[in-house]
Structure formats: C-alpha cells, structure tokens
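Colleague: I'd like to ask you about the structure that follows.
The values are calculated or read from the model by the stated rules, or taken from the named source; none is laboratory data. Computed from a prediction, not measured in an experiment: that's the story for all the values here. Glycine gets a Cβ as well: all are built from the backbone with ideal geometry, and neighbour counts include every protein chain shown.
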Ligand code: HEC
C-alpha cells in the first residue's frame, strides 16, 4: 500500500520534470519515467539514478548496468522490461531457482534510498539501454567540467 502511493507520487514528479523524452525501444508505458540527455550531458534525475545505481546495484549488476557473472545486464533487461516489471522485481526481489546457480535478487521494498529513487535509477539504466549514454560517470547539464 505504502509503496503504491510512493510510486504514484514519484510518477507525478517525474512527469513534471520532463523536457526531452528519451526511450522508445522496448515496452514503454505512457507514464514510464524518462531521462534527459543533451549533448552527452544528463539532468539531475538521470545523474541521481547513476549515483544510486552505484550505491545499491553495481556490486551485483556490474559497472554501468553491464552485468556480471552473478547478475544479469540491466542495459539488456531494459530493452524488454517495462517500468512496472522493473519496479516489481526491485520491490519484491526474485530468486532464480531454475538454474543450477542460486542467485538472489534482494527485495528493496523497505530500502528508501532505492524505492524513493526508482524512477531515477530506471531513467539512468534506460538511457544506457537505449545507447544514449556511454559507460562511466555522466557529465551533468550545466557543469563546465
Ligand atoms: C546481491 C546482489 C544484487 C543486488 C545488490 C541487486 N541485484 Fe538485481 N538481480 C540480482 C540477481 C542474481 C538477479 C537475477 C535473479 C533471477 O534471475 O531470478 C537480479 C535481477 C534483477 C532484475 C531483473 C532482470 C531481468 O532481466 O529479469 C532487475 C530489474 C534488477 N535485478 C534490478 C536491480 C536494481 C535496480 C538494483 C539496485 C537497486 C539491484 N538489482 C541490486 C542480484 C542483485
């Protein structure tokens, strides 16, 4: 319940911040969060997504969403995954029991640092997935360096 209302709020915030829409491939619903990349530079949301990814997901999913021997490449996953499916996996976690390996995607449903910024994380990964962002730390719009 609580999560649902959080998502509704963040979807509204996300929609208000849009001024350039990225993301056309894959299953995309109208209210999916979007990213902004202009001349190779990202907006605050996308940059925040990069930072949050680094803090909470990188250790399993590898640098820049590229995957590891333990967890799948999220730049690949987002070519097919809707924001709703993405959110469900992160809130509830998932365990692949069909493989010989027993790799676990933890549930982040009570981790505010992740749940509050799900649309930023999705936006960042979607930009990577759409090939709009190179690997590494993105430059920010309005930054001189
Ligand atoms: C402890 C390691 C670990 C961490 C940390 C982790 N994941 Fe995962 N994740 C996995 C594993 C392993 C799978 C594959 C599980 C399966 O197939 O059942 C997975 C699966 C996923 C999937 C589904 C991919 C697909 O193609 O179906 C998504 C989306 C995902 N993770 C997003 C995230 C995000 C976003 C974060 C950071 C907030 C994160 N994960 C943090 C291990 C992790």
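Colleague: State whether the residues of the stretch 84-97 include one that is touching a strand residue (DSSP E or B) at 6+ places or on another chain (Cβ under 6 Å) and at pLDDT below 95.
Modeller: For the stretch 84-97, residues touching a strand residue (DSSP E or B) at 6+ places or on another chain (Cβ under 6 Å) and at pLDDT below 95: present.
Colleague: Kindly evaluate residue 41 against the criterion of being more than 15 Å from residue 114 (Cα to Cα) and modelled with pLDDT of 65 or more.
Modeller: Judged against the criteria, residue 41 is a match.
Colleague: Taking the stretch 58-108 as the search range and keeping residues that are within 9 Å of the ligand (Cβ to nearest atom) and in contact (Cβ under 8 Å) with a residue 60 or more places away in the chain, which one is surrounded by the most Cβ atoms within 10 Å (Cβ to Cβ)?
Modeller: Once the filter is applied, the top-ranked residue is 65.
Colleague: Name, by its number, the condition in (1) within 6 Å of the ligand (Cβ to nearest atom); (2) within 25 Å of residue 31 (Cα to Cα); (3) surrounded by 14 or more Cβ atoms within 10 Å (Cβ to Cβ) that does not hold for residue 117.
Modeller: Only one criterion is unmet by residue 117, namely (1).
Colleague: Now a separate question. Residue check: is residue 48 part of a helix (DSSP H, G or I), out of contact with any helix residue (DSSP H, G or I) (no Cβ under 7 Å at 6 or more places or on another chain) and closer than 27 Å to residue 30 by Cβ?
Modeller: no
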